[in-house]
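J.: Structure below; questions to follow.
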Amino acid sequence: MRRLPRALLLQLRLALLVAAGAPEVLVSAPRSLVWGPGLQAAVVLPVRYFYLQAVNSEGQNLTRSPAGETPFKVVVKSLSPKELVRIHVPKPLDRNDGTFLMRYRMYETVDEGLKIEVLYGDEHVAQSPYILKGPVYHEYCECPEDPQAWQKTLSCPTKEPQIAKDFASFPSINLQQMLKEVPKRFGDERGAIVHYTILNNHVYRRSLGKYTDFKMFSDEILLSLTRKYKYQVNVDGTVAAYRYPYLMLGDSLVLKQDSPYYEHFYMALEPWKHYVPIKRNLSDLLEKVKWAKENDEEAKKIAKEGQLMARDLLQPHRLYCYYYQVLQKYAERQSSKPEVRDGMELVPQPEDSTAICQCHRKKPSREEL
Ligand SMILES: *[C@@H]1O[C@H](CO)[C@@H](O)[C@H](O)[C@H]1NC(C)=O
Ligand SMILES: *[C@@H]1O[C@H](CO)[C@@H](O)[C@H](O)[C@H]1NC(C)=O
């Protein structure tokens, strides 16, 4: 065999290195991470979800999407071949930072359980397949659970400082008085009061004025919009801006107008850490944009920190935790028993014939409810 001169060999090697210049990030299926509430049978949500983090063979997290269309694939099916159920499993949602959001919706309850396969190409990712031992309940299955156990399953935070603060001025709540005063004070002008009573696990409702339409919460569109701009300005509308959470979830740096209004998660967001504050009268808006342009690294860091915090705070299961705790506090402070009032109608549980299911939990007796 003829030998190549050493110098030429070196050159060849260099050429090869250059050809491989833009390094294809290689994802390791076994080292990648999978986690989230959607891997637990007991976390009942309309849309179950979990996360994927792409990790390379050195064990480093990828911080951007692997090139091309993602080879991550998820298969969700019933454990028992005898139980046929419909499950909607969209493609993993690429969050453009090496992580993916995986969602699935069950249309029925499975008694035996679910098998979730997470694949990268043909390889199983992390501990895939995940077995969720049944019963795995459909959202509409009426199967009340012990509240303590439920909160534990959802890993609800033990403290919600905003709730404590909001209720501090209302040590006791007089329902009779509220019934007299609230419609008078807020009913006419604003025209969007719904009066609820929750009694024995049933919801009753009386509508004063019109419903407001909250369909503006079409997450996907807003989420996608928030990815397209480097800076986003959050300015109040009539009250707190609905788009703020969506802005925080996006990749942009959020410039937030000071505001007397707030939503439950604002307390956890700090100025200069998670967003850049701007004055109520916007007089410093240009100055702050200029700051962001001149301090690009820091601005990017704030954008990222804000996004991570929002992702944590705004997980669907955390919202259930929050609502539960608000209602709990409200109930504790009532000075009289709630009643089903004149003009109220029962809000029925959705009647979805396919969701008929056997509740395996012992039904609490009437008195316990
Ligand atoms: C990798 O990502 C996961 C989830 O995104 C995170 O919990 C973990 O701390 C990261 N590891 C490193 C070494 O950054
Ligand atoms: C805007 O508000 C600040 C106080 O936050 C005040 O000092 C300033 O004069 C105001 N500017 C204008 C243009 O109103």
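J.: Looking at 154, 101, which one is in contact (Cβ under 8 Å) with a residue 60 or more places away in the chain and among the hydrophobic types (A, V, I, L, M, F, W, C)?
T.: 154
J.: Then there is this: So which pairs qualify, if the first residue must be in the stretch 20-39 and modelled with pLDDT under 90, the second must be open to solvent by 90 Å² or more (accessible area, probe 1.4 Å), the Cβ gap must be under 8 Å, and the two must be at least 6 apart or on different chains?
T.: Filtered contacts from the stretch 20-39: 25/64.
J.: What helices (runs of 4 or more DSSP H) completely inside the stretch 231-328 contain at least 3 residues that are of a type in the set (Gly, Ala, Ser) and open to solvent by less than 60 Å² (accessible area, probe 1.4 Å)?
T.: Result: 296-313.
J.: How many residues are open to solvent by less than 30 Å² (accessible area, probe 1.4 Å) and either more than 12 Å from residue 104 (Cβ to Cβ) or within 16 Å of ligand 2 (Cβ to nearest atom) (or both) if we restrict to the stretch 38-53?
T.: 5
J.: Still on this model: Can you give me the number of residues within the stretch 244-278 that are of a type in the set (D, E, K, R), farther than 20 Å from residue 323 by Cα and under 22 Å from the mean Cα position of the chain (by Cα)? Step through it out loud before you land on a result.
T.: In the first step, residues of the stretch 244-278 are kept if they are of a type in the set (D, E, K, R); the result is 251, 256, 258, 263, 270, 273.
Checking the rest, the ones that are also farther than 20 Å from residue 323 by Cα come to 251, 256, 258, 270, 273.
Then drop every residue that is not under 22 Å from the mean Cα position of the chain (by Cα), which leaves 251, 256, 270, 273.
Adding up the residues that qualify gives 4.
The values are calculated or read from the model by the stated rules, or taken from the named source; none is laboratory data. Note that the structure is predicted; figures quoted are calculated from it, not measured. Cβ sites come from the backbone with ideal geometry, for glycine too, and all protein chains shown count toward neighbours. For the accessible areas, the whole protein counts, side chains as well, though only heavy atoms, and no ligand, DNA or RNA atoms are used. Shrake-Rupley method; radii C 1.70, N 1.55, O 1.52, S 1.80 Å.
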